[in-house]
Amino acid sequence: MDEFVRTARRGVVRAAVACSLVLGPLSPAPAQDMSTYYTVRHADQFEIDWTGFYREGNRRTADARTRFPHVSDLAYGGDPKQRLDLYLPDDADGAPVFLFLHGGGFGEGDRAHYGFVAEVLAENGVITAVASYRLGSGGHLFPAPRDDARAALAWLHANIATHGGDPENLYVGGHSAGGLLAADLGADTRWLDDHAVPRHALRGIVPVSGPYDLRGDDRPGYIDAYAPDADSRVAASPLATLGHPAPLAVIATGEREPSLHATAEALDRALRDAGTCTRRLVLESADHADTALAFAVADGMLAAAILQMIMGEQMCVQPSPPRESVVFFYYDDLDAARDFYAQRLGLEPTLEMEWVTIYRIGPGSSVGLVQDGRGYHSVAEDRPAMLSIVIDDVDGWYEHLRAAGVPLLSSPPTAEEVAARGEDAPPIRGFLVEDPGGYTVEFFSWRASD
């Protein structure tokens, strides 16, 4: 059974899906019979309606096959599970290629349920390969599923050009157990040498809702159906084997998958430390089923990030470094404070308004004095202070910190919002974040004067 899927019990039941969709055969090769799946036979044990999920996947896969050119049941090995389906864009000349690996805890699942993953990708010129692989429920323990994932990618490199794809522009992603496999393929790319695939051909990975360290894991689904002993759990853990990773990674979990956040964050940190450009996503209100469906949500965060990576848009643009900082203090008697800094310390003001004055202390450093009752804080016995950092690229820093998961207290005002305030608009444009200690940090730039 997919014991890992049980972590999604905190999710909502997708009962409405179950009563409205009809299962049907979708592939020239028989799909794994979903009626045999543990999640289907024991539906009462799960808050997520996995029967409805698979039926929805089947329906949408059938729809994808009516919308896009496709080639089904291509063998990358001799076992019936070693097959993949290709979904092609209208113009596949030199198209990038995305390999998707399904979930199911190494106990269930089949490519026939997941053709919908191609919907957004095919519409944007990407070839999608959806692969099945041998499962632990069929007696194929580690490293068989991982070896199948590697073989599928190697097959694509050797054969995708005949279908219009670029063999040196490959990406691999997966959900749940497939997310673990995708991370495994990209954590250390030296395995590509043994398959005659240049390392640079694997451009990026998209592990979604997977566990990336099975050492000490208490999930029987993974231990029994994939890595049943201590040595195999080490070898099957991307976080234990990470060495020469792929250059790009999008790592996602659902907001309603709290047990998976730590392993995703650990993978994100390890990849970044090894030089990979990463994007870490937490999908709002998503449970374990929603994160699989998110691959095909056209206006969703996950699909947008995948396309950004594949289309070569820079994911890891580092904004220019800060050039100035301002620390603000709050006063009951602002005039007395102004007298101290201006008359007694001899600082020159760089900004003077009714309720705030900023004095430059030295290159890149200033102090701001604020009247109590104005600004973001108030006078208190512990004399709160807010660090404000002057930057040139407000939007770049905002996106950078948002992607890094920093708590955001506000967002930069739009040009329309600034214009609506007219003369009352502040002379700065910025946003606030919260640091781990609960302190407010402001990032802002000076607005150009008219």
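The values are calculated or read from the model by the stated rules, or taken from the named source; none is laboratory data. What you are looking at is a predicted structure, and each value in this text was computed from that prediction instead of being measured. Positions of Cβ are backbone-derived with ideal geometry, glycine not excepted, and every protein chain shown enters the neighbour counts.
Every test in (1) of a type in the set (Gly, Ala, Ser); (2) more than 27 Å from residue 200 (Cβ to Cβ); (3) not in a helix (DSSP H, G or I) is passed by residue 243 save one, and that test is (2). Please determine, by comparing only the residues of the stretch 76-107 that are of a type in the set (A, V, I, L, M, F, W, C) and in a loop (DSSP other than H, G, I, E, B), which one is surrounded by the most Cβ atoms within 10 Å (Cβ to Cβ). Ranking the qualifying residues of the stretch 76-107, first place goes to 106.
Being at pLDDT 95 or above, of a type outside the set (Gly, Ala, Ser), within 25 Å of residue 200 (Cβ to Cβ) and in contact with a Ser or Thr (Cβ under 7 Å, 6 or more places away or on another chain): is that true of residue 101 here? It would help to see each step written out before you state the result.
Values: at pLDDT 95 or above: yes; of a type outside the set (Gly, Ala, Ser): yes; within 25 Å of residue 200 (Cβ to Cβ): yes; in contact with a Ser or Thr (Cβ under 7 Å, 6 or more places away or on another chain): no.
Against the criterion (at pLDDT 95 or above, of a type outside the set (Gly, Ala, Ser), within 25 Å of residue 200 (Cβ to Cβ) and in contact with a Ser or Thr (Cβ under 7 Å, 6 or more places away or on another chain)), residue 101 does not qualify.
Which residue pairs have Cβ atoms under 8 Å apart, sit 6 or more places apart or on different chains, and have a first residue in the stretch 86-102 that is in the same structural domain as residue 163 (by TED's automatic domain parsing) and a second that is of a type in the set (D, E, K, R) and assigned to a loop (DSSP other than H, G, I, E, B)? The qualifying pairs are 102/110. If you go through the stretch 300-321 one residue at a time, how many are within 28 Å of residue 105 (Cα to Cα) and outside any helix (DSSP H, G or I)? Matching residues across the stretch 300-321 total 1. You will find that of 252, 266, 230, the residue that is assigned by TED's automatic domain parsing to the domain that holds residue 186 and crowded, with 20+ Cβ neighbours inside 10 Å is 252 and no other.
Residues in the stretch 395-445 that are among the hydrophobic types (A, V, I, L, M, F, W, C) and within 28 Å of residue 254 (Cα to Cα): 397, 401, 403, 404, 406, 408, 409, 431, 432, 433, 441. In the set (1) modelled with pLDDT of 95 or more; (2) in a strand (DSSP E or B); (3) in contact with a Gly (Cβ under 7 Å, 6 or more places away or on another chain); (4) β-branched (Val, Ile, Thr), the condition left unmet by residue 326 is number (1).
Output yes when any residue across the stretch 106-126 is within 12 Å of residue 178 (Cβ to Cβ) and polar (S, T, N, Q), and no when none is. Looking through the stretch 106-126, none of the residues is within 12 Å of residue 178 (Cβ to Cβ) and polar (S, T, N, Q).
Any residue at all in the stretch 132-149 that is among the small types (Gly, Ala, Ser) and assigned to a strand (DSSP E or B)? Break it down into steps so the answer makes sense when it comes.
Step one: of the stretch 132-149, the residues among the small types (Gly, Ala, Ser) are 132, 136-139, 144, 149.
Still in the list and also assigned to a strand (DSSP E or B): none.
The answer is no, given that none of the residues of the stretch 132-149 is among the small types (Gly, Ala, Ser) and assigned to a strand (DSSP E or B).
Contact annotation: residue pairs with Cβ atoms under 9 Å, 6 or more positions apart or on different chains, pairing a residue in the stretch 190-216 that is in the same structural domain as residue 100 (by TED's automatic domain parsing) and closer than 22 Å to residue 278 by Cα with a partner that is part of a strand (DSSP E or B) and among the aromatic types (Phe, Trp, Tyr), are 202/171; 203/171; 204/171; 205/171; 206/98; 206/100; 206/171.
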